[in-house]
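Notes to accompany the following structure.
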Amino acid sequence: MRVGDRWYRTIWLDDDGWSVLIIDQTALPGELVVLRLTEVEQVAEAIRTMRVRGAPLIGVAAAYGVALALRSDPGDEALRGGVGMLAATRPTAVNLHWALERVDRELRRLEPEARGAAAYHLAGAMADEDVATCQRIGEHGERLIRACWEALGHGRPMEVLTHCNAGWLAAVDWGTALAPIYRAHDAGIPLHVWVDETRPRNQGLLTEWELARHGVPRTVVVDNAGGHLMRTGRVDLCLVGTDRTTRTGDVANKIGTYLKALAAHDNGVPFYVAAPSSSIDWQLTDGAAIPIEERGGGELGLGADVPVANPAFDVTPGRLITGLVTERGVAAATAAGLATLFPERYS
Ligand code: MRU
């Protein structure tokens with residue numbers, strides 16, 4: 001996406017052709033800082049500390065991390081070590097494990113001397129695939145937004161609520177939940193976005209930053225405002241991302257998503273989840289089995305003597321979700337719904 005007069009992705013190769021450049025998201029929204037990563041350990045640190053974050057992006061970052069790991073030693077042990085180190089960084093987003101399993105499978109069957117170049121090729125292909133996937137989610141989601149806006153009778157801008165940051169910063173480009181918003185805005189559909197602040201890491205401020213760069217009208221609200229906004233008729237549609245969706249349509253997303261879904265359900269507000277297939281865990285049949293990351297209490301910014309808990313994600317059951325916006329179209333948040341779009345996963 002464009003920032004000022006430059007187009008950015010969130011991850012790319014430096015001119016040397018091998019070192020990996022990322023936007024350090026811990027410096028945003030204050031500063032746009034580009035970091036150069038040259039070791040797999042640096043990629044693992046960047047994922048763990050959320051310099052790179054968002055489910056699709058950490059998957060692609062991990063693929064580049066393996067490529068860096070193999071530069072000095074393309075042998076089986078180094079491959080296993082690099083994959084293991086990256087897999088241990090964050091537990092909830094399934095994209096990380098999806099990407100590492102794919103990279104491991106495809107590289108392991110090659111002779112060691114062929115692995116280095118193949119790893120970079122694969123990471124680049126995964127980055128490009130992610131962009132294409134998000135663009136397709138954008139197309140399907142734009143149709144949804146248009147239909148909702150037309151049902152409103154065009155009398156006023158459409159009001160969309162989003163949680164956390166599922167924009168281009170969370171992916172390689174475009175984003176998942178924000179891609180439909182960008183497309184709808186570009187197509188001239190008047191809309192305004194309520195942006196949940198998303199404590200404790202304030203990813204909502206990343207969303208605000210992105211939307212501002214794109215000229216989309218937006219307002220940041222504290223996390224607890226969503227229920228009030230919905231009850232007073234000021235939200236027409238909720239659209240959020242996902243870090244892991246089960247094959248039955250339960251959705252793990254940033255902590256606080258579940259409460260928004262409950263409020264949407266109670267107030268008859270459609271609640272959609274933008275879910276690339278790379279975020280779908282085809283093994284799991286119950287959201288209760290999704291591992292929930294517990295992050296350090298220091299993120300809450302309270303005194304060291306204050307007992308705190310910091311679960312980073314929650315699970316919204318499929319019954320509260322109006323639909324999943326995937327790259328293949330919109331599906332009901334059920335096994336039967338997903339099976340219509342991904343039959344190969346259910347045969
Ligand atoms: O902890 P984060 O910031 O990596 O969390 C991921 C998210 O940004 C959200 O949960 C998002 O909705 C899913 S990623 C498109």
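Among Ile137, Ile58, Ile189, which one shows the biggest mean-square fluctuation in a GNM of the chain, springs joining Cα atoms closer than 10 Å? Maximum fluctuation in the GNM of the chain, among the listed residues, is at Ile189. If I take R0 = 45 Å and measure r between the Cβ atoms of Leu300 and Glu344 in this structure, what FRET efficiency does the formula 1/(1 + (r/R0)^6) give, to the nearest 0.05? That gives a FRET efficiency of 0.55. Distant-in-sequence amide contacts of Asp281, defined by a placed amide H-H separation under 5 Å and a gap of 5 or more residues or a different chain, comprise Thr245, Thr246, Arg247. The residues of segment 18-101 expose, per residue, 34 Å² of accessible area to a 1.4 Å probe. Extension gain for Thr285-Glu101 works out to 64.3 nm (0.36 nm per residue, less the C-alpha to C-alpha distance).
In a reduced charge model with +1 at each Lys and Arg Cβ and -1 at each Asp and Glu Cβ, segment 137-345 shows a dipole moment near 400 debye about its Cα centre.
Each of Asn253, Val103, Val43 was placed along the dipole of the chain (beta-carbon charges, centred on the mean Cα), and the one lying farthest toward the positive end is Asn253. Anyone know which of Gly82, Gly215, Gly65 comes out most mobile in the 10 Å Cα GNM of the chain? Evaluated over the chain, the most mobile residue of the options is Gly215.
In the chain, carbon and sulfur make up what percent of the accessible area (probe 1.4 Å)? Exposed carbon and sulfur together represent 51 percent of the surface.
In the chain, a dipole from Cβ-located charges (positive for Lys and Arg, negative for Asp and Glu) runs towards its positive end, and of Ala119, Pro190, Pro307 it is Pro190 whose Cα lies farthest in that direction. Model label sites at Thr49 and Asp15, defined 7 Å from Cα along the beta-carbon direction, differ in position by 2.7 nm. Note on the chain: GNM, Cα springs under 10 Å; of Thr176, Thr162, Thr285, the largest mean-square fluctuation is that of Thr285. Sorted largest first by accessible area at a 1.4 angstrom probe radius, with every protein chain in place, the residues Tyr346, Tyr272, Tyr182 fall in the order Tyr346, Tyr272, Tyr182. Equivalent-ellipsoid semi-axes for segment 221-339 (Cα gyration tensor, √(5λ), whole Å, largest first): 26, 20, 10.
The values are calculated or read from the model by the stated rules, or taken from the named source; none is laboratory data. Note that the coordinates shown come from a computational prediction; the quantities given were computed from them, not determined experimentally. Heads up, the Cβs are rebuilt from the backbone with ideal geometry, glycines too, and the neighbour counts pull from every protein chain shown. For accessibility, only protein heavy atoms count, side chains too; no ligands or nucleic acids. Shrake-Rupley method; radii C 1.70, N 1.55, O 1.52, S 1.80 Å.
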